[in-house]
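Quick notes on the structure that follows.
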Amino acid sequence: AQSVTQLDSHVSVSEGTPVLLRCNYSSSYSPSLFWYVQHPNKGLQLLLKYTSAATLVKGINGFEAEFKKSETSFHLTKPSAHMSDAAEYFCVVSDRGAGSYQLTFGKGTKLSVIP
Amino acid sequence: KAGVTQTPRYLIKTRGQQVTLSCSPISGHRSVSWYQQTPGQGLQFLFEYFSETQRNKGNFPGRFSGRQFSNSRSEMNVSTLELGDSALYLCASSPSDYNEQFFGPGTRLTVL
């Protein structure tokens, strides 16, 4: 079975400072991992994905994430927060080879950016 | 390419009624998944369809059902609505297995 734990339900940063959103996963097989962002009253937008290629994955809007198998982590980072980054972020895992296709979402981390 | 579209965007129903939500995937995408999003439970997987076949189902009661048509468009139906069914229902499509999913804007269902 697959699962995702987002370690912080709410993160608050000042504009221009680094962002770190933490995610740990559990997977029985080789996972695909994703980060999605949801702005208020909007659908989900893909930020980046890991599918067993490079462990450091670059996404849109300056975000990146590093896959660490030994730590079962896939933390999302950004060097400098912008006001427009304020949103809810979801870490997502999909098991490959499990015989079924299903995304499992974390509970989400709400990012606030203080001017 | 047009994105995933969902209709209607907003819906208000009363307890005991039934509702049908529609989703049109991105052209060429054959996999369609449905999710329920609530403040308390977060995003929960409902079911996934591929080439008109339900391949996977989440842990929801039988009141929740869906189908997919030959053009990949999908509908989900909720019968005998309960207050707890109030939620944002999201549809997502994918070009193939284990790829990222592309989400629509959702249908916000309010049950009174």
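Laboratory data are not the source of any read-out in this text; all were calculated from the coordinates shown. Keep in mind the model is a prediction, meaning the values are calculated, not measured. Every residue, glycine as well, gets a Cβ built from its backbone with ideal geometry; the counts of neighbours run over all protein chains shown.
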Using a simple charge model, +1 on the beta-carbon of Lys and Arg, -1 on the beta-carbon of Asp and Glu, nothing else, what dipole does chain A show about its Cα centre, in debye to the nearest 20? 180
Convex hull over the Cα atoms of chain B, averaged projected area in nm²? 6.5
Counting partner chain Cβ atoms within 10 Å of every residue's Cβ in B:39-48, what's the average? 3
Kirkwood-type radius of segment B:51-102, with distances r between different C-alpha atoms, in Å: 12.9
Check which residues have an amide H placed less than 5 Å from B:F47's amide H, if you skip close sequence neighbours. B:W34, B:G58
Just how large is the dipole of the protein assembly as shown about the Cα centre, in debye to the nearest 20, putting +1 at every Lys and Arg Cβ and -1 at every Asp and Glu Cβ? 380
Mean Cβ-within-10 Å packing, highest first, puts peptides A:73-79, A:86-92 in the order A:86-92, A:73-79
Consider a paramagnetic label point 7 Å from the Cα of B:N99 along Cα→Cβ; state which residues of segment B:9-53 have an amide N under 13 Å from it. B:26-32
When we measure straight from the Cα of A:K69, which lysines land under 27 angstrom away, once same-chain ones fewer than 8 places off are left out? A:K49, A:K58, A:K78, A:K107, A:K110
Seen from all sides and averaged, what is the projected area of the convex hull of the Cα atoms in the protein assembly as shown, in nm²? 12.4
List the chymotrypsin sites (Phe, Trp or Tyr not before Pro) within segment B:10-112 that fall in a DSSP loop (any state other than H, G, I, E or B) and whose Cβ has at most 15 other Cβ atoms within 10 Å. B:F69
Largest first and to the nearest Å, give the Cα extent of segment A:1-107 along each principal axis. 42, 29, 22
Among A:T55, A:Q38, A:I114, pick out the residue whose Cα is farthest towards the positive end of the charge dipole of chain A, where Lys and Arg carry +1 and Asp and Glu carry -1 on C-beta, about the Cα centre. A:T55
Give me the inter-chain shielding for A:32-44: mean count of other chain Cβ atoms within 10 Å, whole number please. 4
Within segment B:90-112, which residues have the backbone N less than 20 Å from the label spot 7 Å out from B:T14 along Cα→beta-carbon, could you tell me? B:109-112
